[in-house]
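Asks: Input: one structure, supplied below.
Each reported figure results from applying straightforward, stated rules to the coordinates on display, with no laboratory input. Given the structure is predicted, the values throughout are model-derived calculations rather than measurements. Using ideal geometry, Cβ is built from the backbone for each residue, glycine included, and neighbour counts are taken over all protein chains shown.
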Amino acid sequence: MLKYLLIAVVVIWLLYSPILRRARQLKRQQRPAAPSATPGPAKPPQVEDMVACAHCGVHLPASEACRDTAGRSYCSAAHRDAGPTSH
Ligand SMILES: [Zn+2]
């Protein structure tokens, strides 16, 4: 009676072990994919248009630029007040 129980346990273990191995492999495959997937959609907002200051020529993000009435970009209010220079 105990022999049959042992055989049944071994048979069940043999049936389930490949499934468990596959489940572990799937978990391993999912883990590296998750962190690499999150920076992907996060990157587009980090990429920002760069503009050059019309006075000194320094490049800065468009959102940080000061603009005059003509729409020219400047790195600071002081350079905006100083006006554009030809580079
Ligand atoms: Zn400047």
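Asks: Amide H neighbours of S73 under 5 Å, at least 5 residues apart or on other chains, H built in the peptide plane: list them.
Replies: The list, which skips near neighbours in sequence, is A54.
Asks: Please list, ordered by chain and number, the residues whose modelled amide H lies under 5 Å from the amide H of V51; skip anything fewer than 5 residues away on the same chain.
Replies: Result for V51 returns L60, A62.
Asks: Another one. Tabulate in residue order the Karplus-calculated ³J(HN,Hα) for segment 66-78, using 6.51 cos²θ - 1.76 cosθ + 1.60 with θ = phi - 60°, rounded to whole Hz; enter x for Gly and Pro.
Replies: Taking θ as phi minus 60°, the curve returns 8, 10, 8, 5, 7, x, 6, 9, 9, 7, 8, 5, 5 Hz for segment 66-78.
Asks: Ordered by packing density, taken as the mean number of other Cβ atoms within 10 Å over each peptide's residues, highest first, how do 3-14, 62-73, 47-58 rank?
Replies: Listed from highest to lowest mean packing, they are 47-58, 62-73, 3-14.
Asks: Pop out the ³J(HN,Hα) list for segment 14-20 in order, Karplus 6.51 cos²θ - 1.76 cosθ + 1.60 with θ = phi - 60°, rounded to Hz; leave Gly and Pro as x.
Replies: Once rounded to whole Hz, the list reads 5, 6, 8, 4, x, 5, 5.
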